[in-house]
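Take a look at the structure set out below.
The values are calculated or read from the model by the stated rules, or taken from the named source; none is laboratory data. Predicted, not measured: the structure shown is a model, and the values here were computed from it. Every residue, glycine as well, gets a Cβ built from its backbone with ideal geometry; the counts of neighbours run over all protein chains shown.
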Amino acid sequence: MSRPDPIWIDAEIASIRDLTPTIREFTITLGQFAAPPPGSHIKVRIGPNGLDDQRSYSVVDHDDSSLRIAVKRQPESRGGSAHMWSLQPGARLPVAHPECDFPLTYGTPHYLLIAAGVGITPILRMARELARTGASLKMLYAARNAQEFAYASELESLLGDRLILLDSSLGQTIAIEEEIALLPAGSEVYMCGPIGLMQSVSLAWEATGRSPAQLRFETFGSSGRFAASRFTVKIPRLSREIEVAENQTMLEALCSAGVDMISECRRGECGLCAIDILETDGEVDHRDVFFSAREHGANRKMCTCVSRISGGSVTVDPAWRGDQGFTPEPACTAS
Ligand code: FES
């Protein structure tokens, strides 16, 4: 149920520019590749430890032989953004050809694009493409402050009054329910941003009874309700206790300890890495968009690639996957 390992290309960082104080754009030369549609991303290898050290970044622009990605410097980086921000022009970077897990559907009567923070990266090319094709659209773009709007001037000239910039430092927020209520029948929403925002949009969307297929999203699973902290995973079935460091995911810690796990997206979207919770003495910080709000509230399962425990430990049973309809593959099968 996982993708084959990508073929890694020895690419080169051609140039770098800072878009905001915390978002840096990289132009990467990698030779010939098929034109990536809006919503595409590339995987990059960020260290010497093989396939466990890879990150996905949206393609924000491309030509025939190079493409651009934009990377936010994360204070709690597990290594990805810190590594990317350490690179200089001329550096080599193993990169896989673009893939698209967040495709744009054409011919929809109206589109609402929602981006927050570095979530602008997959949404940017959708805005360009929809504007180019003359589609009916509105875009809501939220950032922490005025300096953190990447690509704002391009978007303003492209979309005019169809673009709404929301500056959180001024108390401006996305009026989720109102925006959804305004949408004509058949509209589609494409969004990317922090998990909390996407969970709120999903809840509001569900409440209106609109088709789940018309709400599309992509997440990088990097933000939660609590700051990442160290916690312990207890596995009675294996008589193991495994420590998860603050800069490590639970999936990485379990894999490193030799626990059989499977995974695919590593962004909290596919649910393949989910594990059963037997009990916890801390708060489960659900950072996925795979489970519903009701399932998060029940705290019976968690996506180990993104979700964490705050202030304690969790007891899990990795062998119980009977209701997920698949058989575990060998340790740490990943895309
Ligand atoms: S690997 Fe997809 S949700 Fe964790």
(request) Sort out which residues of segment 252-262 are farther than 19 Å from residue 79 by Cβ and away from the ligand (no atom under 16 Å from the Cβ), and write them in order of number. (result) 258
(request) Collect the residues in segment 263-277 that are farther than 18 Å from residue 311 by Cβ and more than 8 Å from the ligand (Cβ to nearest atom), keeping them in residue-number order. (result) 275, 276
(request) Would you mind telling me which numbered condition in (1) in contact (Cβ under 8 Å) with a residue 60 or more places away in the chain; (2) surrounded by fewer than 19 Cβ atoms within 10 Å (Cβ to Cβ); (3) farther than 23 Å from residue 130 by Cα residue 184 fails? (result) (3)
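What do you reckon, is residue 225 surrounded by fewer than 17 Cβ atoms within 10 Å (Cβ to Cβ) and either in contact with a helix residue (DSSP H, G or I) (Cβ under 6 Å, 6 or more places away or on another chain) or closer than 17 Å to residue 278 by Cα (or both)? Walk me through it before giving the result.
Numbers: surrounded by fewer than 17 Cβ atoms within 10 Å (Cβ to Cβ): yes; either in contact with a helix residue (DSSP H, G or I) (Cβ under 6 Å, 6 or more places away or on another chain) or closer than 17 Å to residue 278 by Cα (or both): no.
No, not satisfied.
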(message) Go through segment 194-210 and report how many residues are under 22 Å from the mean Cα position of the chain (by Cα) and at pLDDT 90 or above.
(response) 3
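One line per residue, one yes/no per condition, for (1) crowded, with 17+ Cβ neighbours inside 10 Å; (2) at pLDDT below 90:
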{"position": "64", "(1), (2)": "no, no"}
{"position": "78", "(1), (2)": "yes, yes"}
{"position": "89", "(1), (2)": "no, no"}
{"position": "103", "(1), (2)": "no, no"}
{"position": "109", "(1), (2)": "no, no"}
{"position": "118", "(1), (2)": "yes, no"}
{"position": "122", "(1), (2)": "yes, no"}
{"position": "125", "(1), (2)": "yes, no"}
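So, residue 249, is that one within 16 Å of the ligand (Cβ to nearest atom), among the β-branched types (Val, Ile, Thr) and modelled with pLDDT of 85 or more or not? Spell out how you get there, then give the answer.
On the way: within 16 Å of the ligand (Cβ to nearest atom): yes; among the β-branched types (Val, Ile, Thr): yes; modelled with pLDDT of 85 or more: yes.
The answer is yes for residue 249.
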(request) Among the residues of segment 164-205, write down those that are among the aliphatic types (A, V, I, L, M), over 25 Å from residue 145 (Cα atoms) and outside any helix (DSSP H, G or I). (result) 183, 185
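Could you tell me how many of the residues in segment 278-291 are in contact (Cβ under 8 Å) with a residue 40 or more places away in the chain and within 14 Å of the ligand (Cβ to nearest atom)? Break it down stepwise before answering.
At the first step, the residues of segment 278-291 found to be in contact (Cβ under 8 Å) with a residue 40 or more places away in the chain are 278, 282-283, 285-289.
So of that shortlist, the ones also within 14 Å of the ligand (Cβ to nearest atom) come out as 286-289.
Total satisfying the criteria: 4.
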